[in-house]
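K.L.:
Sharing a structure, written as structure tokens. Questions coming.
The values are calculated or read from the model by the stated rules, or taken from the named source; none is laboratory data. Quick caveat, the model's predicted, so the values are computed rather than measured. Virtual Cβ from ideal backbone geometry, glycine too; neighbours counted across all protein chains shown. We work out accessible area using only protein heavy atoms, side chains counted, and drop any ligands, DNA or RNA first. Shrake-Rupley method; radii C 1.70, N 1.55, O 1.52, S 1.80 Å.
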Amino acid sequence: MNTCIWHDRYERDWMRAFPLGNGRIGAMVYGDPQTETVEFNEESLWSGYQNKEKNPAATAVLPTIRELLFAERYAEAAALCEDNFLAQPRSVRTYESFGEMTVTFANDTPYTDYRKELLLDEATVRVSYKKGGARFCAESFVSTAYDAFVYRVQCDAPFACTVGYCREKDGVTTAIAADTLRCAGQVTFPTTDWHGEGGVGLRFCADLKAVTDGTLTADGNTLSVTGATVLTVYVSLATNYDVATYDIDEAVDPACRAAAELARAADADYGAVKAAHVAESQALFRKVQLSVEAPCRDDIPTDERLRRVQAGAEDIGLYLLYFYFGRYLLLSCSGKRATLPANLQGVWCNGFAPPWGSDYHTNINLQMNYWPAEIANMSETVRPLVHFMKMVSRFGEETARELYGADGWVIHHTTNAFGRTGVHDFVQCGLFPMAGAWMCLNLWEHYEYTGDRAYLEELFPILKGACTFVLDFLTEGPDGYLVTAPSNSPENAFLYTDNNGETKAEMFTYGATIDFEIIRSVFQNTAYACGVLHEDAFAAQLEETLRRLPPLRVSERYGTIAEWIRDYEEAEPGHRHISHLFGLYPADQINETDPVLYEAARRTIDRRLAHGGGATGWSRAWIINFFARLRDGAAAGHHLEQLMKISTAENLFDMHPPFQIDGNFGGTAGICEMLLQSHLGATDARIITLLPALPPTWKNGEVKGLRARGGFTVDMVWKNGSPVTVRVTADRDSTLRLKTAQTVAFATAPYTVEGDVLVSPMQASGTITMEFEVEE
């Protein structure tokens, strides 16, 4: 099991730095032999503050907007909506860097034997090289137990260096002791037309302490080290953000927080800090193990392996490393100490103006971040997302009332750490009131995989609030169905003929297909929850409404799934969003039980790809999952290869481009879906399918620790593309339903066969091991 990403050359490039994180703190280690640089982030350090969004008289004009939409006067409706629905300020502010630590070595002679490696299993970066006959070895990690970044460099000859910490904006660094630096300040931000009034926001503090066997002195805003053979640097980060309110807490002193965490880490034995870190990392990381029989290329630097794949080489081991990296990233940015969910760049961003503000995009991107959380056995990473949903559902109640005159709660296509829920940027893409209902699917998955009733009770108010909003928002359309109005199919446009006979492109409409797929998902899941929690009257209301929704339709133009309520031509047939296939993945409404829709979904993807679709990393990752659900292992494997070739950086970060982490998580989920699926069947009778979309070149392999709905953990060995040994462990009393066309040669527990489904009652913590007959 290779879990090491490594380079044998140094380049000053953030996209070649290696990420570390404990959920709350993120660090990017460059590995510079002359001036080692580490850029820091902390999950809560955003510009801005919690402000009440100002919305014009939206509810008063909503009926007029709907009349215009039903009359297909889309441009007029969009203009009216722009004037009355767009939040003020119209955009959310950004996530920011916490600054950089530097260690500048006095010996700047050329170096040799360079190696930088990220050990995923240990969540540790190591850098080694020779310089002037001396060998330097450094290692870095972010401790969960001590909530601090730790860097240690050792040399077999005495060395000298200067240690600094700098934040280019808003921070001032001073030496507060002979061995300690402090960078403190307050975030400032300007007044802009898009972001609103400027001002000051969060206060922050980074404390740095150096420990060495050499001589240490403070010199203004740096520390000087001489005559050392070992140097250890501890860094703690703090803000006055309050995650309980999603707001600034002026009563909190970040310097006190940072000083306390720094002292706790620096006063501990380094060996003990490191041992605790490695043990904790391995306990989480080793829950899943995946291997495929293939030539070993671990002796080749990872960036070189990537270049070879881009040139056409086959390297299954690199795909497996990508899978491990995806699990590592989610554990590092949403597990451990995390209290906020993973943003567009996880917990890592470069500088003060990251792409898209490194915000929370909720029209697929935040959802995709958590696609591998359950199936890849990282259920603990969902905790920050659950709290996020509690907060935005609370803030979204006011938005639902002010914009739509509706009960329940709503969020649109972007938000931030301060919980904004209005319509942002442009109404054509920003007005996406189904975002909250979509987010509920991520939370529901946690229940399906764990069966935790206490969690369901905690989740239910969020589900019910999302459904209540939808019930109020739906209105009768021209065809007699209940429809969403306004609506859009995220970021995609259609062509229509206006009243003057001109062909125009527009995003703004009513009744986009994804809306009804999302509504079916959240209503059906909530109705099931009502049955568990004895909320029968609300379930009946949901079921009655479901009967009045438009059905999924096949386009008469191309035989594809229709993307809009009218069979419009697409303005951009190769668009990156493929939102009308939400029902195929991540939901379960389009599957092989309806061959017509299933085949139409296939044609939808083929048409997108024929026109250049999948050009962004996250879009390509979504396509992998689509083909996995279509049981096409060759196509799923091909698009995994394309994800690596086109949209992967040399440190294996996903490229939109530029960097956007959702593609890493979507790709990881796609690999899981190739190996194991459990979306078929009723909620309380899910069917597990083994190797539904195995790439043809992955003939022999083994996986341990994948999770299936219903509370099952699955280990599996396969040969010649078919399972030979399967071991299933149940979390709770339940019934295993395993879809297989193979003959069972041996089983450790009784079972029956119902068609092509093997059925076996199981008790909590019980296991069943099966061996299958396989043709050689």
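K.L.:
What single numbered condition from (1) at pLDDT below 95; (2) surrounded by fewer than 16 Cβ atoms within 10 Å (Cβ to Cβ) fails to hold for Gly196?
P.N.:
Unmet condition: (2).
K.L.:
Say we look at the range 637-695 and pick out the residues that are among the aliphatic types (A, V, I, L, M), open to solvent by less than 10 Å² (accessible area, probe 1.4 Å) and part of a helix (DSSP H, G or I); which of these is nearest to Tyr585 (Cα to Cα)?
P.N.:
Top of the filtered list is Ala669.
K.L.:
Testing Asn591 on (1) over 15 Å from Asn492 (Cα atoms); (2) in a helix (DSSP H, G or I), one condition comes back false. Which one is that?
P.N.:
Only one criterion in (1) over 15 Å from Asn492 (Cα atoms); (2) in a helix (DSSP H, G or I) is unmet by Asn591, namely (2).
K.L.:
A further question on this structure: Can you give me the ranges of the strands (runs of 3 or more DSSP E) entirely in the range 136-229 with at least 3 residues that are closer than 26 Å to Asp113 by Cβ and β-branched (Val, Ile, Thr)? First the steps, then the outcome.
P.N.:
On the way: elements: 148-166, 171-177, 180-189, 199-212, 215-219.
The qualifying strands (runs of 3 or more DSSP E) are 148-166.
K.L.:
Right, something else. Tell me which helices (runs of 4 or more DSSP H) are completely within the range 297-389 and hold 3 or more residues being charged (D, E, K, R), or say none if there are none.
P.N.:
Working: elements: 302-310, 316-334, 365-369, 372-375.
Those helices (runs of 4 or more DSSP H) span 302-310.
For (1) within 21 Å of Ser97 (Cα to Cα); (2) of a type in the set (A, V, I, L, M), each residue gets a yes or a no:
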{"site": "Trp348", "(1), (2)": "yes, no"}
{"site": "Pro354", "(1), (2)": "yes, no"}
{"site": "Ser358", "(1), (2)": "yes, no"}
{"site": "Ala376", "(1), (2)": "no, yes"}
{"site": "Arg394", "(1), (2)": "no, no"}
{"site": "Ala400", "(1), (2)": "no, yes"}
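K.L.:
Given Val103, Val92, which one is within 25 Å of Phe418 (Cα to Cα) and either open to solvent by less than 50 Å² (accessible area, probe 1.4 Å) or not in a loop (DSSP other than H, G, I, E, B) (or both)? Full working, then the answer.
P.N.:
Working: Val103 fails: within 25 Å of Phe418 (Cα to Cα).
Of Val103, Val92, the one residue that is within 25 Å of Phe418 (Cα to Cα) and either open to solvent by less than 50 Å² (accessible area, probe 1.4 Å) or not in a loop (DSSP other than H, G, I, E, B) (or both) is Val92.
K.L.:
Of the residues Ala764, Ala745, which single one is in contact (Cβ under 8 Å) with a residue 24 or more places away in the chain, in a loop (DSSP other than H, G, I, E, B) and either open to solvent by 40 Å² or more (accessible area, probe 1.4 Å) or not small (Gly, Ala, Ser) (or both)? Working first, answer last.
P.N.:
Numbers: Ala745 fails: in a loop (DSSP other than H, G, I, E, B).
On inspection, the qualifying residue turns out to be Ala764.
K.L.:
Working carefully through the options Pro595, Pro692, find the one that is within 28 Å of Gly559 (Cβ to Cβ) and touching a residue at least 60 places away in the same chain (Cβ under 8 Å). Give the steps one after another, and end with the answer.
P.N.:
Details: Pro595 fails: touching a residue at least 60 places away in the same chain (Cβ under 8 Å).
Unique residue meeting the criteria: Pro692.
K.L.:
Also, I was wondering about something else. Failed condition for Tyr234, given (1) outside any strand (DSSP E or B); (2) hydroxyl-bearing (Ser, Thr, Tyr); (3) buried (at least 24 other Cβ atoms within 10 Å of the Cβ), with all others met?
P.N.:
Only one criterion in (1) outside any strand (DSSP E or B); (2) hydroxyl-bearing (Ser, Thr, Tyr); (3) buried (at least 24 other Cβ atoms within 10 Å of the Cβ) is unmet by Tyr234, namely (1).
K.L.:
Same structure again: Of the numbered conditions (1) more than 31 Å from the chain's Cα centre (by Cα); (2) of a type outside the set (Gly, Ala, Ser); (3) open to solvent by 20 Å² or more (accessible area, probe 1.4 Å), Pro190 fails exactly one; give the number of that condition.
P.N.:
Of everything listed in (1) more than 31 Å from the chain's Cα centre (by Cα); (2) of a type outside the set (Gly, Ala, Ser); (3) open to solvent by 20 Å² or more (accessible area, probe 1.4 Å), Pro190 misses just condition (1).
K.L.:
Here are Ala279, Ala265, Ala244: which of them is modelled with pLDDT of 95 or more, open to solvent by 50 Å² or more (accessible area, probe 1.4 Å), assigned to a helix (DSSP H, G or I) and aliphatic (A, V, I, L, M)? Show your work before the answer.
P.N.:
On the way: Ala265 fails: open to solvent by 50 Å² or more (accessible area, probe 1.4 Å); Ala244 fails: assigned to a helix (DSSP H, G or I).
Only one candidate passes the filter, namely Ala279.
K.L.:
Go through the range 432-475 and report how many residues are over 21 Å from the mean Cα position of the chain (by Cα), over 20 Å from Met391 (Cα atoms) and either of a type in the set (Asp, Glu) or not in a helix (DSSP H, G or I) (or both).
P.N.:
Within the range 432-475, residues that are over 21 Å from the mean Cα position of the chain (by Cα), over 20 Å from Met391 (Cα atoms) and either of a type in the set (Asp, Glu) or not in a helix (DSSP H, G or I) (or both) number 5.
K.L.:
Here are Arg576, Arg520, Arg557, Arg602: which of them is in contact (Cβ under 8 Å) with a residue 12 or more places away in the chain, farther than 23 Å from Arg66 by Cβ, open to solvent by 10 Å² or more (accessible area, probe 1.4 Å) and not in a loop (DSSP other than H, G, I, E, B)?
P.N.:
Details: Arg576 fails: not in a loop (DSSP other than H, G, I, E, B); Arg520 fails: farther than 23 Å from Arg66 by Cβ; Arg557 fails: not in a loop (DSSP other than H, G, I, E, B).
None of the others qualify; the one that does is Arg602.
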